[in-house]
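Each remark here refers to the structure printed beneath this line.
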Amino acid sequence: MDYQVNRKGYYGEFGGAYIPEMMVPNIEELEARYMEIMHSYDFKQEFVSLLKNYVGRPSPLYFAKRLSEKYQSNIFLKREDLNHTGSHKINNTIGQILVAKKLGKTRIIAETGAGQHGLATATVCALMGLKCIVYMGAVDVERQAPNVKKMRMLGAEVISAVSGNQTLKDATNEAMRDWINNPVDTYYIIGSVVGPHPYPDMVARFQSVISEEMRWQLEEQVGRENPDRIIACVGGGSNAAGAFYHYLDQENVELIGVEAAGKGVDTNETAATITLGTPGVLHSSRSILMQTDDGQITEPYSISAGLDYPGIGPLHAHLFKTGRAKYLWATDAEVLDSALELTQMEGIIPALESAHALAVLPKIKLRPEEITVINLSGRGDKDMETYLKHFGY
Amino acid sequence: MNNRINKLFQEKEKNILSVYFTAGYPKLDDTVPVIQELVKNGVDLIEIGMPFSDPVADGPVIQGSSLVALQNGMSVHKLFEQLKDIRKLVDIPLILMGYINPVIQYGVEAFCQKCGEIGIDGLIIPDLPLSVYEEEYKSMFEANNLHNIFLITPQTSDERLRRIDEASSGFIYMVSSNSTTGAKEGVTDFQNSYFERISKFGLKNPCLIGFGISSAETFRNACQYAHGAIIGSAFVKALGADLSLNMKVSQFVKTIATNV
Ligand SMILES: Cc1ncc(COP(=O)(O)O)c(C=O)c1O
């Protein structure tokens, strides 16, 4: 089975580039050049060096002893939360800012939900001295306020998107409109494995450093490269894509993505795209999305701004369709419990997004000899207000 | 089979006025009355917008009308129901314009058949790529005598212009600037030199210029370089006014086309 993108930009029936003509020159240029740039000696050197010395990679693979005891199995955490800026998002923005520079672009735009991608973009723009504009839904500007302040301090302009539900989907619409209006000097750093080809493939490649490290870290710590299972949360799907990437053709490694169920998959307030969605086109690729019979996109809901999105990357739609990966869900309430559990058992406050991956531990059968890696995609600093409100400390 | 779009361009070479509006706006049942009023006021071609929840190629005015139309209950099914007898009422070319996802959910083939039955002459689907159209949908369009209208922009390369011209039938939609709909006011020298480049390019299809055409002046300017022009956001904005429908439409068309 082939899980890589094909030459036309599709994963099976999913993917492609459903872009208006106004975006064609930029997407064609990117498609023509991204592989050549990524494979160039200069690029590789700079990328690897920045990941090591600036981001702090490799990120640790940590054996969570007390959590393992509780679930009577072996649970490792891939500590993307320890990266500079606090999540996996920086792996991708380092890669894309180098691409943008090679393409001669001087103005960078991005969308953000939780603010982690916006923060990671604002950070690399400061690093490279490039102008940065971040679109963020007005609701998210409120609920992820610390990240907004950080982005502004880094010199980025944060523009509040007021259409729709004022969350990640709407921020993405605004970023695309910006690119249509500024096609010459601007580069759009998309924050997940979504958008038109070649973005899903490019972002997955940048994030694949996660599973690349996991292989030698597991070899070093337990004497085998392959775990029995990998669990990651799924918004657009970039941290999951990175954690799965080098294991896609190792069929004995079980891959589990966890979506945000919000208040429950049987309510209207949910973001469990694969569980509830159907095939369609959103943000320029054919994938699975939450929509009405008439093809209007449904407004999603999740306590976690980073997973509050009605679509999913085409790679995941394909992994689902082929049965290669399984997609489970976790509700807001389950996620809050798991976040508190990790905090008090391991001394790690996770991001709300990452806590979704933890929240399925009670729902799956873990054998004592098995090894499970959970991709801890980010830390909880940005979510303190939500946590304090719920836990009342 | 003769298509009304081809007939229009055979009969009229200059100053073609095409008007866009969003179906189901300002009220759900305004779709057909707006078409009738536009025809009464001498408009040559009408683009009926199918509202979509996430219109990325549109500026604030059409985003707003789309939202209202959806809240009013507009849908593809509803639109086809409203338009089922439209050919008993008007004879000018009609085009449906919208995003690909609602069309996919309806079923592209069924959608094209329905358009054929009703007497729709063409479709404009900005996020349907040329390659996908050619590989998957072209035969469905042709079987129903539907033209697929492609867009070009100031950034479109010569090579791609030729490809689009080759793939086009009906006319080419020349987007006046690098922008979403309705974004930019007035006309710049940059635009005029782009219009000039295209008008001298020797395209086999006629062109209409759209995006940012909002006044008699911008309309007249566009008509110097192309067979005519398309007005969208400015008309939609006018439809939002608190006047009777026939006043809104007749006043608007008069302000644009007084000297034509
Ligand atoms: C910590 C963290 N994890 C996960 C996500 C979800 O994105 P993705 O599914 O692309 O990894 C986000 C997005 O903001 C995030 O901040």
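Rounded, prolate or oblate: pick one for chain B, where a ≥ b ≥ c are the square roots of the eigenvalues of its C-alpha gyration tensor, a/c under 1.5 means rounded, and failing that, prolate if a/b is larger than b/c, else oblate. All intermediate terms of the calculation are to be shown ahead of the outcome.
Details: a/c = 1.39, a/b = 1.07, b/c = 1.31.
It comes out rounded by the Cα gyration axes.
Can you give the average number of partner chain beta-carbon atoms within 10 Å of each beta-carbon in peptide A:294-305, as a whole number? Write out the running numbers ahead of the final one.
Values: counts 14, 14, 13, 4, 1, 1, 0, 0, 0, 0, 0, 0.
That average works out to 4.
Mind checking segment A:327-393 for GluC sites (Glu not before Pro) that DSSP puts in a loop (not H, G, I, E or B) and that have at most 13 other Cβ atoms within 10 Å?
Numbers: sites: A:Glu334, A:Glu341, A:Glu346, A:Glu353, A:Glu369, A:Glu370, A:Glu385; in loops: A:Glu369, A:Glu370.
Here the GluC sites (Glu not before Pro) that fit, given the DSSP loop and packing criteria, are A:Glu369.
List the lysines whose Cα sits under 19 Å from the Cα of A:Lys150, skipping any in the same chain fewer than 8 residues away.
A:Lys89, A:Lys131, A:Lys382
In percent, what relative contact order does chain A have, based on Cα pairs under 8 Å that are 6 or more apart in sequence? Mind dumping the intermediate values first?
Details: 868 pairs, mean separation 80.7, N = 393.
Dividing the mean separation by the residue count of chain A yields 21 percent.
Rounded to the nearest 20 debye, what is the charge dipole size of segment A:242-326 about its Cα centre when +1 sits on each Lys and Arg Cβ and -1 on each Asp and Glu Cβ? Let's see the in-between values first.
Values: 5 positive and 10 negative charges, 42 e Å.
Dipole magnitude for segment A:242-326 comes out near 200 debye.
GNM on chain A, C-alpha springs below 10 Å: top fluctuator among A:His316, A:His88, A:His283?
Among A:His316, A:His88, A:His283, the largest mean-square fluctuation in the Gaussian network model of chain A belongs to A:His283.
Could you state the number of Å between the C-alpha centres of segment B:1-72 and segment B:111-167?
The distance from the Cα centre of segment B:111-167 to that of segment B:1-72 comes to 17 Å.
Would you mind classifying segment B:120-260 by shape? Square roots of the alpha carbon gyration tensor eigenvalues, ordered a ≥ b ≥ c; an a/c under 1.5 is rounded, otherwise it is prolate if a/b is larger than b/c and oblate if not.
oblate
Remind me, relative contact order of segment B:34-137 in percent, using alpha carbon pairs under 8 angstrom and six or more residues apart?
Rounded, it is 32 percent for segment B:34-137.
With the Cα gyration tensor of segment A:297-393 giving a ≥ b ≥ c as the square roots of its eigenvalues, does the rule (a/c under 1.5 for rounded; else a/b larger than b/c for prolate; else oblate) give rounded, prolate or oblate? Provide the component values of the computation, followed by the final result.
Working: a/c = 2.22, a/b = 1.20, b/c = 1.85.
Verdict is oblate for segment A:297-393.
Give the accessible surface of segment B:6-75 per residue, rounded to a whole number of Å², with probe radius 1.4 Å and ligands, DNA and RNA excluded.
Values: 2500 Å² over 70 residues.
I get 36 Å² per residue for segment B:6-75.
Just the accessible area per residue of segment A:219-290, please: how many Å² with a 1.4 Å probe?
Working: 2270 Å² over 72 residues.
Value for segment A:219-290: 32 Å² per residue.
Just add up the charged neighbours of B:Pro51: K/R +1, D/E -1, any other residue whose Cβ is under 14 Å from the Cβ of B:Pro51.
Numbers: positive: B:Lys27, B:Lys78; negative: A:Asp294, B:Asp30, B:Glu47, B:Asp54, B:Asp58.
Within the 14 Å Cβ shell, the charges total -3.
In a shell of Cβ-Cβ distance under 13 Å around B:Gln155, excluding B:Gln155 itself, what net charge do Lys and Arg (+1) and Asp and Glu (-1) give? Don't skip to the end; give the middle numbers.
Values: positive: B:Arg160, B:Arg197; negative: A:Glu21, A:Glu28, A:Glu29, A:Asp185, B:Asp158, B:Glu159.
Result for the neighbourhood of B:Gln155: -4.
Just the Cα atoms of the protein assembly as shown: what Rg and Dmax do they give in Å?
That works out to 25.9, 84 Å for Rg and Dmax.
May I ask for the net charge around B:Gly228, where only other residues with Cβ less than 12 Å from the Cβ of B:Gly228 are counted and Lys, Arg are +1 while Asp, Glu are -1?
Details: positive: B:Lys12, B:Lys14, B:Arg220; negative: B:Glu13, B:Asp44.
Net charge in that neighbourhood comes out at +1.
The values are calculated or read from the model by the stated rules, or taken from the named source; none is laboratory data. The model shown is predicted, which means the values in this text are computed figures rather than measured ones. Please note: Cβ atoms are built from the backbone with ideal geometry, for glycine as well, and neighbour counts cover all protein chains shown. Note: areas computed on protein heavy atoms with side chains; ligands, DNA, RNA excluded. Shrake-Rupley method; radii C 1.70, N 1.55, O 1.52, S 1.80 Å.
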